[in-house]
Amino acid sequence: MIVITGADGFVGRHIVARLAAEGERPRAMVRGPERARRVLPANGVELAQGDTTRPETLDAALDGAETVIHCAFVVANRKQGPGVSYYATNVRGTKNLVAAAKRAGVRRIVVMGGLGTKPSRRDAYLQGRYEADEAIRQSGLAWSIIAPSVQFGPGSPFIVGLADLIRSMPVVPMIGSGGRTFQPIWVEDVVTCTLKMAREPDRYDGRTIEVGGPEIITYAHLLDLLMRTMRVKKLKLPGPVPFARIGAGMMELALPRPPITRAAIGLFTFDNVTDRDAVERNFGFQPMSLRDYLAQHGVA
Ligand SMILES: NC(=O)c1ccc[n+]([C@@H]2O[C@H](COP(=O)([O-])OP(=O)(O)OC[C@H]3O[C@@H](n4cnc5c(N)ncnc54)[C@H](OP(=O)(O)O)[C@@H]3O)[C@@H](O)[C@H]2O)c1
């Protein structure tokens, strides 16, 4: 039996839906059942309540599980505040989950990580993600980590966030010159890779695998592509990273759900790309192109 943590988040809900459609009976671990009931399939999914920062909630959620797919993270586009801490969830929560998984006799954990995760003194968010990955590697469980670039698909926080920015601003602010590159990958392709990692231990256990889609695109070109898709034409305004950080800090102070956070800006300070053929080489199929996806589905 497979337990998915963060099951009602963007990536988690796609994993749960695929498993349910394949006739598995996944257990979706969520913090509260309300959103889960809205976004997860009504049939063929078992709901369990669990919060990785509250170890006492994890034993029942993991009881009888063979594999855990771990998607419960506070991502960089959420601001920290009361009850929302990158370190508490991403590092301590992951360690709590590992301990509970061992108590429950779980055999394998597959982690939904991120491309570019590396030790970083300057950026607490990335350092925490690195420590979480290390906790998995040292866990004693069979493990693998998938590290995708930004993902697109229905409800994608990255694409929907940029589309909102384009709609709401008279000119579209850029972080830096807009020259940083991304390799957007379709969430359904990430699900396919993740489930292969969960089901083919001989091939994938003990590996951290970076994945991206077939196109490498700069931030500025991505904005142009989204604007063309939305049939909107606006000027793009370059903004030096230190100014962007100050702006994000002010938005974090003023808004409950700021469009950008200081942690997210940290992810714009390096190129978020891997080999173009990473999916084909590691998983044996051709991933969906962002251009084709947008032509068919728009930015929703
Ligand atoms: N979205 C992308 O483009 C993208 C790209 C590359 C990698 N990833 C990686 O994919 C993973 C999932 O990201 P996502 O986009 O799906 O984020 P998301 O939509 O914010 O989902 C995160 C999930 O984790 C849950 N969660 C947070 N803290 C928790 C805790 N203490 N205990 C239990 N559950 C908790 C959230 O529930 P609450 O709402 O209750 O907090 C939510 O269900 C992350 O590791 C992210 O870095 C995402």
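Taking the Cα centre of the range 179-300 as origin and charging only Cβ (+1 Lys, Arg; -1 Asp, Glu), how large is the dipole, in debye to the nearest 20?
Working: 16 positive and 14 negative charges, 137 e Å.
With only Lys, Arg, Asp and Glu charged at Cβ, the dipole is about 660 debye.
Tell me, what HN-Hα J-couplings in whole Hz come from the Karplus equation 6.51 cos²θ - 1.76 cosθ + 1.60 at θ = phi - 60° for each residue of the range 228-238, using x for Gly and Pro?
After applying 6.51 cos²θ - 1.76 cosθ + 1.60, I find 4, 4, 8, 6, 10, 10, 9, 6, 9, 10, x Hz.
At 7 Å along the Cα-to-beta-carbon direction for both residue 200 and residue 102, put a label point, then send me their distance in nm to one decimal.
For the pair residue 200/residue 102, the computed spacing is 3.0 nm.
Scaled to the compact-protein estimate 2.2 N^0.38 Å, what is the alpha-carbon radius of gyration of the range 212-274, rounded to two decimal places?
Compared with the compact-globule rule of thumb, the range 212-274 sits at 1.29.
Mind checking which lysines have their Cα closer than 29 Å to the Cα of residue 95? Skip sequence neighbours fewer than 8 apart in that chain.
79, 118, 196
Mind checking the alpha-carbon convex hull of the chain and giving the volume per residue in Å³?
127
Amide H neighbours of residue 143 under 5 Å, at least 5 residues apart or on other chains, H built in the peptide plane: list them.
109, 206
Under the definition of Cα pairs under 8 Å and six or more residues apart, what whole-number percent is the relative contact order of the range 114-173?
Contact order relative to length: 25 percent.
FRET efficiency for residue 88 and residue 300, Cβ-Cβ distance as r, R0 = 45 Å, nearest 0.05?
According to the calculation, E is roughly 0.85.
Once fully extended, how much extra length lies between residue 243 and residue 77, figured as 0.36 nm per residue of separation less the alpha-carbon to alpha-carbon distance?
58.0 nm
When only DSSP loop residues count, what GluC sites (Glu not before Pro) in the range 1-83 have their Cβ near at most 15 other Cβ atoms within 10 Å?
For GluC sites (Glu not before Pro) across the range 1-83 that sit outside H, G, I, E and B with at most 15 neighbouring Cβ atoms in 10 Å, the list reads 22, 24, 66.
Looking at the chain, what % of its DSSP beta bridges pair antiparallel, to the nearest 5? Mind showing how you got there, number by number?
Numbers: 4 of 33 bridges.
Of the beta bridges lying entirely in the chain, close to 10 percent run antiparallel.
Along the charge dipole of the range 18-102, Cβ charges K/R +1 and D/E -1, which of 80, 19, 45 sits furthest on the positive end?
In the range 18-102, that residue is 80.
Which longest uninterrupted range of the chain lacks any chymotrypsin sites (Phe, Trp or Tyr not before Pro) assigned by DSSP to a loop state (not H, G, I, E or B) and surrounded by at most 16 other Cβ atoms within 10 Å?
Details: sites that count: 270, 285.
Counting at most 16 other Cβ atoms within 10 Å as exposed, the longest clean stretch of the chain is 1-269.
Between residue 48 and residues 5 or more places away or on another chain, which pairs have amide H atoms under 5 Å apart, with H built 1.01 Å from N, and which residues are they?
28, 29, 30
What trypsin sites (Lys or Arg not before Pro) in the range 98-145 are in a loop by DSSP, with at most 14 other Cβ atoms within 10 Å of the Cβ?
Those that pass, being in a loop and sparsely packed, are 107, 121, 122.
Provide the FRET efficiency to the nearest 0.05 for the residue 221-residue 280 pair, computing r from the beta carbons and using R0 = 25 Å. Working shown, then result.
On the way: r = 23 Å, r/R0 = 0.92.
Efficiency, from the Cβ-Cβ distance: 0.60.
Read the figures in this text as sums done on the coordinates, not as results from a lab. Predicted model, so just to flag it, every value in this text is computed and none were measured. Neighbour counts run over all protein chains shown; Cβ positions are idealised from the backbone, glycine included.
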